[in-house]
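In what follows, a structure is listed as structure tokens, so that the remarks can point back to it.
The values are calculated or read from the model by the stated rules, or taken from the named source; none is laboratory data. Computed from a predicted model, the values in this text were never measured in an experiment. Don't worry about glycine lacking a Cβ; one is built from the backbone with ideal geometry, like all the others, and counts go over all protein chains shown. Accessible surface is based on the protein model in full, side chains and every heavy atom, while ligands, DNA and RNA are left aside. Shrake-Rupley method; radii C 1.70, N 1.55, O 1.52, S 1.80 Å.
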Amino acid sequence: MQAKLRLGVLGSGSGSNFQAILDAINQGSLDAEVVLVLSDFSDAKILQRAEQAGIAAGCIDCRGFKSKFPLESQQAVAQQLKQAGVDLVCLAGFMRLIGKPLLEAFPARILNIHPSLLPNYPGLHAWEQAVEDGASESGATVHLVDEGMDTGPILTQGKVAVLEGDTPASLHARIQQVEHALYPQVIRDYAAKLASLPQP
Ligand code: GRF
């Protein structure tokens, strides 16, 4: 029997995507286990959710940097993820750019979910950018992570129409519904490809 997929999740905020992954696991639609949740903010709700679910969780020491992800911190995270036996790393609202230490430790094994149809509206507040731009549609993208800002190879996208009268908040809420369905599915599909990748 094949061993269960071991997921590590990194997030900076509310963790609703992490929750969607957990729900999919609990409902039996994703055959995986979240073995470690890490956040760069000690008070992030994602850590509370992990603790409530009895999942190992911890705070990343970013050495006082607000948005930079220092190389030493990335090395420490890579080590923690390896020690936990993580097969696949899922960024779920993690707000720092990933660099070599993590990418080399987990080649083609780090996924991200972004609230737009990339390459449109990378970076922060993508839903706000879409409304301000008068876009007729937006959505969510799951992609492999590289060193750029939301630039890695796209795995899948889900579309969301921008409605008349949409505010950034109302659009973001609908995009999040799509994200919550999309992310567990992509993880499940991508898991099938992991066997052909080098071991982390
Ligand atoms: C999501 O919209 C995700 O696409 C973006 O950050 C948000 C995180 O939300 N990267 P949550 O913490 O999963 O609720």
Open item on the list: Can you compute the charge dipole magnitude of the range 99-172 about its Cα centre, using +1 on each Lys and Arg Cβ and -1 on each Asp and Glu Cβ, nothing else charged? Give it in debye, rounded to the nearest 20.
Closed with: 360 debye
Task: Folded to 0 to 90 degrees: helix 71-83 orientation relative to the chain principal axis, Cα - done: 60 degrees
TODO: Among 86, 17, 142, pick out the residue whose Cα is farthest towards the positive end of the charge dipole of the chain, where Lys and Arg carry +1 and Asp and Glu carry -1 on C-beta, about the Cα centre.
DONE: 86
Open item on the list: Could you tell me the relative contact order of the chain? Use alpha-carbon pairs under 8 Å, at least six residues apart, and round to a whole percent.
Closed with: 20 percent
TODO: Would you list which aspartates and glutamates come within 13 Å of residue 82, measuring only between C-alpha atoms, while excluding same-chain residues fewer than 8 positions from it?
DONE: 104
Task: Other-chain or far-sequence residues with amide H under 5 Å of residue 41's (modelled H) - done: 60
TODO: Any chance you could give the angle, 0 to 90 degrees and rounded to 10, that helix 16-27 forms with the longest Cα principal axis of the chain?
DONE: 60 degrees
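State in Å² the accessible area per residue of the range 77-200; use a 1.4 Å probe, count heavy atoms of protein chains only, and round to the nearest integer.
On the way: 5840 Å² over 124 residues.
For the range 77-200, the per-residue accessible area is 47 Å².
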TODO: Using the Karplus curve 6.51 cos²θ - 1.76 cosθ + 1.60 with θ = phi - 60°, work out ³J(HN,Hα) for each residue of the range 173-186 in order, rounded to whole Hz, and write x for Gly and Pro.
DONE: 4, 6, 5, 5, 4, 5, 4, 5, 7, 6, 4, x, 4, 5
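List, in the order given, every pair from 45/66; 68/193; 45/193 whose Cα-Cα distance in the structure shown is over 24 Å.
68/193; 45/193
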Task: Within the chain, longest stretch clear of exposed chymotrypsin sites (Phe, Trp or Tyr not before Pro) (DSSP loop, no more than 16 other Cβ within 10 Å) - done: 66-200
Task: Rounded percent of accessible protein surface that carbon and sulfur make up, the range 1-137, 1.4 Å probe - done: 49 percent
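Restrict the search to the range 99-200; then list the GluC sites (Glu not before Pro) that DSSP places in a loop and that have at most 10 other Cβ atoms within 10 Å of their Cβ.
Working: sites: 104, 128, 132, 137, 147, 164, 179; in loops: 147, 164.
Counting only loop positions with at most 10 other Cβ atoms within 10 Å, the GluC sites (Glu not before Pro) in the range 99-200 are 164.
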Open item on the list: I'd like the trypsin sites (Lys or Arg not before Pro) in the range 136-200 restricted to DSSP loop residues with at most 13 other Cβ atoms within 10 Å, sorted by number.
Closed with: 193
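Okay, helix-only estimate at 222 nm for the chain: each DSSP H run of n ≥ 4 adds -39500 (n - 2.57), divide by all residues, round to 500 deg cm²/dmol; what do you get? Walk me through the intermediate numbers first.
Numbers: 6 runs with 70 residues, N = 200.
Value at 222 nm, helices only, nearest 500: -11000 deg cm²/dmol.
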Open item on the list: Can you compute log10 of I(q)/I(0) for the chain with the Debye formula, treating each Cα as one identical point scatterer, at q = 0.08, 0.11 Å⁻¹?
Closed with: -0.25, -0.48
